[in-house]
Amino acid sequence: MNVQGVTGKKKDFTSLPLAKIQAFSVETAGTFDLDAELELWFSGLGKVKFEFSGKTDVAYLNKLVAHHVL
């Protein structure tokens, strides 16, 4: 879900099939960079990047994606 607009009332929902993921990358939050990132590469689509707050459990996301992709 991508929230857009000044009021945040406009939302864009996109479905991305796990079966089309060719590669993925997870970057955890650091000392100065508080955002964590998940990058997914899809066949026929390219790279999709997700950014999360520092409190998001990206290790769990990594395991979840790896379970369905590998």
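Summary of values
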| quantity | calculated |
| --- | --- |
| Neighbour-count ranking [beta-carbon atoms within 10 angstrom, fewest first] of L40, L61, L18, L70 | L70, L18, L61, L40 |
| Exposure proxy ranking, count of Cβ atoms within 10 Å, fewest first, for D35, D12 | D12, D35 |
| Straight-distance crosslink candidates among aspartates and glutamates, where the alpha carbon sits under 14 Å from K55 and sequence neighbours closer than 8 are dropped | E27, D33, D35, E37 |
| Kirkwood Rh, angstrom, segment 19-69 [1 / mean 1/r, Cα pairs] | 11.4 Å |
| Inter-site label distance for F13 and A66 at 7 Å from Cα along Cβ, in nm | 3.1 nm |
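Every number in this text was worked out from the coordinates using simple rules, so none of it is lab data. Every value quoted in this text rests on a predicted model; they were computed, and no experiment measured them. Cβ sites come from the backbone with ideal geometry, for glycine too, and all protein chains shown count toward neighbours.
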